[in-house]
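S.K.: Have a look at this one before I ask anything.
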Amino acid sequence: MGLSTQAFAHGVAEGDAVFIESASGMQLLPFIYLGAKHMVTGYDHLLFLFGVIFFLFRMKDVAIYVTLFAVGHSVTLLYGVLSETHVNPYIVDAIIGLSVVYKALDNLGAFRRWFGFQPNTKTAVLIFGFFHGFGLATKLQDFTLSEDGLVANILAFNVGVEIGQMLALAGILIAMNFWRKSPSFNQHAFFTNAVLMTLGFMLIGFQLTGYWVTA
């Protein structure tokens, strides 16, 4: 169980961790790079984004939802680190896995079919964005951060996260646009979201396993 949680926890590379621990003063470009790298390699964040834009065909709608997500995770990333608000990383990451499950079920129309109503998707994306931000904050809180230049470095890290999100989103949208032109999109939409939901449940299971092992 311990091995499974390590294998499926997107942490910080050893070299990056050494830099974060030793960084003092404003290190804007390195922290922008680290933020972008963390977002691009953060598969749980990318799975959620993939689910969010799956049925969004207009760029205006994509911009609205991605902005809500960005506002959510920016607020809690900055608040979590700068206020030293500690949240159990396993619980937060399990909720992030839940966000993937939620979006897959939403795409499948499950809530209207099961409960007869449709939750406000924009509100849900914003709320889950808050949890994704705390997930990012917990990664930084694993390290002893120098107070010298801390605010500027965390802001730079957040800028990097946004850059990484835009890069990842661009790649996802390009691939999605090609796929949407194929008849296989409608044929495989249900199956794809079922896989997305399964991956979300797997993330929840791995994180809860880690929580129980450490507890």
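The values are calculated or read from the model by the stated rules, or taken from the named source; none is laboratory data. Quick caveat, the model's predicted, so the values are computed rather than measured. Positions of Cβ are generated from backbone atoms using ideal geometry, with glycine treated the same way; all protein chains shown enter the neighbour counts.
S.K.: Here are some conditions: (1) at pLDDT 95 or above; (2) within 11 Å of the chain's Cα centre (by Cα). H45 meets all but one. Which one does it not meet?
M.R.: H45 satisfies every listed condition except (1).
S.K.: Starting from segment 84-106, take each residue that is under 15 Å from G51 (Cα atoms) and touching a residue at least 12 places away in the same chain (Cβ under 8 Å) and list its partners that are among the small types (G, A, S) and in a helix (DSSP H, G or I), counting only C-beta distances under 6 angstrom and pairs at least six apart or across chains.
M.R.: Pairs that qualify, where the first residue is under 15 Å from G51 (Cα atoms) and touching a residue at least 12 places away in the same chain (Cβ under 8 Å) and the partner is among the small types (G, A, S) and in a helix (DSSP H, G or I), are I96/G135; G97/G200; V100/G200; V101/G200; K103/G51; A104/G51.
S.K.: Of the residues that sit in segment 111-147 and are at pLDDT 85 or above and outside any helix (DSSP H, G or I), which one is farthest from D44 (Cα to Cα)?
M.R.: G116
S.K.: I need the full set of residues from segment 55-81 which are at pLDDT 90 or above and of a type in the set (V, I, T), in order please.
M.R.: Across segment 55-81, the qualifying residues are V62, I64, V66, T67, V71, V75, T76.
S.K.: Is there any pair linking a residue in segment 34-45 that is assigned to a helix (DSSP H, G or I) and of a type in the set (A, V, I, L, M) to one that is modelled with pLDDT under 90 and surrounded by fewer than 18 Cβ atoms within 10 Å (Cβ to Cβ), with Cβ under 6 Å and at least six apart or on different chains, and which?
M.R.: L34/D16
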